[in-house]
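S.K.: Handing you this structure, nothing more for now.
The values are calculated or read from the model by the stated rules, or taken from the named source; none is laboratory data. The model shown is predicted, which means the values in this text are computed figures rather than measured ones. As a convention, Cβ positions derive from the backbone with ideal geometry for all residues, glycine included, and neighbour counts pool all protein chains shown.
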Amino acid sequence: MNYEKKILLVDDDIDVLEQNKILFEAEGFQVETAENSVDGYEKFLEFKPACAIVDLMMEEYDSGFVLAHKIKRHPMGKKIPVFIVTAVASQVGMQFDSMTPEEREWIHAEDVLNKPVVISDILVKLSDFYKEQQ
């Protein structure tokens, strides 16, 4: 893999943040966390991650979409994958599947993933993203 192993995790659920941070660090990643979209964007600018994993519903129901859009509009953000994660499936029974290229462009994320996040799935998607960039 030809990318720096740095991940930004943004989620208002502190337990989820800590659990995922531990799991990614066990895979050799440097991890920065934020508990809301404002702090998440500031950390994105400072930390310069190779990937951002953003919760959909934080301080507002669409905070994750807004943050993903801001990241992808930044020149640095155009070069990294952004994954939006959500617990909507467990709350309302609606599953998200892999998105079409049109949906990725509209949503400004490489994929929308259902919680709980499976770290190995994200690592495969991250590797695939960087392979496509070469």
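S.K.: Name the one entry in VAL82, VAL16 that is modelled with pLDDT under 95, out of contact with any Gly (no Cβ under 8 Å at 6 or more places or on another chain) and within 15 Å of VAL117 (Cβ to Cβ). Give the steps one after another, and end with the answer.
M.R.: On the way: VAL82 fails: modelled with pLDDT under 95.
Result: VAL16 is the single residue among VAL82, VAL16 that is modelled with pLDDT under 95, out of contact with any Gly (no Cβ under 8 Å at 6 or more places or on another chain) and within 15 Å of VAL117 (Cβ to Cβ).
S.K.: Return the pairs, sorted by first residue and then second, in which the second residue is buried (at least 16 other Cβ atoms within 10 Å of the Cβ), the first residue lies in the range 13-27 and is farther than 13 Å from ILE53 by Cβ, the beta carbons are less than 6 Å apart, and the residues are 6+ apart or on different chains.
M.R.: GLU25/VAL31
S.K.: Residues LYS72, LYS21: which one is farther than 11 Å from ILE7 by Cβ, basic (Lys, Arg), assigned to a helix (DSSP H, G or I) and in contact with a strand residue (DSSP E or B) (Cβ under 9 Å, 6 or more places away or on another chain)? So that I can check it myself, show each step before the final result.
M.R.: Details: LYS21 fails: farther than 11 Å from ILE7 by Cβ.
Just a single option satisfies the conditions, and that option is LYS72.
S.K.: Within the range 86-104, take every residue that is outside any helix (DSSP H, G or I) and among the β-branched types (Val, Ile, Thr) and give me the one that is modelled with the highest pLDDT.
M.R.: First pass over the range 86-104, keeping only residues outside any helix (DSSP H, G or I): 86-87, 93-100.
Now narrow it down to the ones that are among the β-branched types (Val, Ile, Thr): 86, 100.
Values: THR86: 89, THR100: 60.
Only one residue fits best here, namely THR86.
S.K.: A further question on this structure: Can you give me the number of residues within the range 105-122 that are farther than 11 Å from PRO81 by Cα and assigned to a helix (DSSP H, G or I)? Even if it seems obvious, please write down each step before you answer.
M.R.: Taking the range 105-122 as the starting set, the residues that turn out to be farther than 11 Å from PRO81 by Cα are 105-107, 112-121.
Subset that is assigned to a helix (DSSP H, G or I): 105-107, 119-121.
Number of matching residues: 6.
S.K.: Then there is this: Restricting attention to the range 47-60, report how many residues are under 14 Å from LYS6 (Cβ atoms) and surrounded by 24 or more Cβ atoms within 10 Å (Cβ to Cβ).
M.R.: Filtering the range 47-60 for residues under 14 Å from LYS6 (Cβ atoms) gives 47-53.
Imposing the further condition that a residue be surrounded by 24 or more Cβ atoms within 10 Å (Cβ to Cβ) reduces the set to 49, 51-53.
Number of matching residues: 4.
S.K.: State the number of residues belonging to the range 24-46 that are surrounded by fewer than 17 Cβ atoms within 10 Å (Cβ to Cβ) and not in a loop (DSSP other than H, G, I, E, B).
M.R.: Counting residues in the range 24-46 that are surrounded by fewer than 17 Cβ atoms within 10 Å (Cβ to Cβ) and not in a loop (DSSP other than H, G, I, E, B) gives 8.
S.K.: Does PHE44 count as modelled with pLDDT of 95 or more, within 13 Å of the chain's Cα centre (by Cα) and on the phi < 0 side of the Ramachandran plot?
M.R.: Details: modelled with pLDDT of 95 or more: yes; within 13 Å of the chain's Cα centre (by Cα): yes; on the phi < 0 side of the Ramachandran plot: yes.
Against the criterion (modelled with pLDDT of 95 or more, within 13 Å of the chain's Cα centre (by Cα) and on the phi < 0 side of the Ramachandran plot), PHE44 qualifies.
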